[in-house]
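This report concerns only the one structure given below.
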């Protein structure tokens, strides 16, 4: 008998059900002596033994359904080692539930925080396989995560719809897109939706540059401007603050989000009327787009194959169009940032998109992106060599401008 536990953790997104369906259909296509235990509301169900037996019928007809049939909740990794209000050791409780059910494997679907806990369980001796779930597409070790393309589709549709009203009323519009720490969704939706200005956390913006772009468009006879802004976008001034100082500023900020602060600054700098649209959780909801249905089915099937072959301790990722096994210890605690020097950013600039920075000025500052931002992997000789080459190239550019 093969016994498999399954849970979805963290924020919901499209294609969670499709991914679980891929796992289950893949398992049952190979053998019939299988028991599937679904844990309710993520790690909470594993901690408090809140589970129910699932059959293959439970996964029928859910390929296109958004959300998760198992429910989900957020269980911060930093609190996993902290006993609950009744003194319960959460880690020991999860291990107890796992062994009580005699599970052969635990399949976990989630994002960054989820993977930290999954790796902790691996270190505690449990057989774990994870699937890359997050609309942010910021998991290290995979080129794609399910939910991302669906979120981009929603954000792009919002920008498309705003275009018509922005044109009609000659206004400046800010569309605030999800993404606290990384800007993948905003970047892709901004390009796809034809935004004039795209602001992401990886490239600190200058409000004067934004004002110049808006005024420049007006001077060129373009009466409206559309900004796609990640909720974690940050100014050059704020980027210089320490983490503690920035958290204190956010705690005392009078604005509900970055979009409202930007709107006020733009109105003061340009005299233009600014409107804000926040698609919010609609970016997580609804039916997954075809790409996410295919992608989640593939990683689910790959997970099934790994279970059948006893290959545990990995996240299923995607590289160069092929499913791959990524060691959990390489994924946990790392973020995949947008590389400010990547070809996508350069090409976006070439088609006229501004990132609110002075990319051509001698005093431009590099975004504070950790070495784990892009391939090749940080810490390798190749990564260090490429980083030094970029630094030398920028230094030569500064010297050349000074000589002129």
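Miscellaneous remarks
- Some residue of segment 52-75 being crowded, with 17+ Cβ neighbours inside 10 Å and over 27 Å from the mean Cα position of the chain (by Cα): yes
- Residue check for residue 356: buried (at least 18 other Cβ atoms within 10 Å of the Cβ), part of a loop (DSSP other than H, G, I, E, B), at pLDDT 95 or above and in contact with a strand residue (DSSP E or B) (Cβ under 8 Å, 6 or more places away or on another chain): yes
- In segment 313-323, of all residues being surrounded by fewer than 17 Cβ atoms within 10 Å (Cβ to Cβ) and in contact (Cβ under 8 Å) with a residue 40 or more places away in the chain, the one that is farthest from residue 59 (Cα to Cα) corresponds to 320.
- Taken over segment 328-344, the residue count meeting the criterion of being touching a strand residue (DSSP E or B) at 6+ places or on another chain (Cβ under 9 Å) and either free of Cβ contacts under 8 Å to residues at least 40 places away in the same chain or in a helix (DSSP H, G or I) (or both) is 3.
- Qualifying residue in segment 289-297 (condition: touching a helix residue (DSSP H, G or I) at 6+ places or on another chain (Cβ under 7 Å), crowded, with 16+ Cβ neighbours inside 10 Å and not in a helix (DSSP H, G or I)): yes
Rundown of residues vs (1) at pLDDT 95 or above; (2) assigned by TED's automatic domain parsing to the domain that holds residue 121; (3) more than 30 Å from residue 21 (Cα to Cα), yes/no style:
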| residue | (1), (2), (3) |
| --- | --- |
| 312 | yes, yes, no |
| 317 | yes, yes, no |
| 348 | yes, no, yes |
| 369 | no, no, yes |
| 383 | no, no, yes |
| 394 | no, no, yes |
| 399 | no, no, yes |
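- The set of residues in segment 80-90 that are touching a helix residue (DSSP H, G or I) at 6+ places or on another chain (Cβ under 8 Å) and surrounded by fewer than 16 Cβ atoms within 10 Å (Cβ to Cβ) comprises 81, 82, 83, 84, 88.
- Of the strands (runs of 3 or more DSSP E) lying entirely inside segment 148-257, none contains at least 2 residues that are surrounded by fewer than 17 Cβ atoms within 10 Å (Cβ to Cβ) and either more than 21 Å from the chain's Cα centre (by Cα) or not assigned by TED's automatic domain parsing to the domain that holds residue 270 (or both).
- Residue 307 falls short on exactly one of the conditions (1) assigned to a helix (DSSP H, G or I); (2) under 30 Å from residue 218 (Cβ atoms); (3) more than 22 Å from the chain's Cα centre (by Cα), and that condition is (2).
- Residue 131 being in contact with a helix residue (DSSP H, G or I) (Cβ under 9 Å, 6 or more places away or on another chain), assigned by TED's automatic domain parsing to the domain that holds residue 313 and either crowded, with 21+ Cβ neighbours inside 10 Å or not in a helix (DSSP H, G or I) (or both): yes
The values are calculated or read from the model by the stated rules, or taken from the named source; none is laboratory data. Since this is a predicted model, take the numbers as computed values, not measurements. All Cβ positions, even for glycine, are placed from backbone atoms using ideal geometry, and neighbour counts span all protein chains on display.
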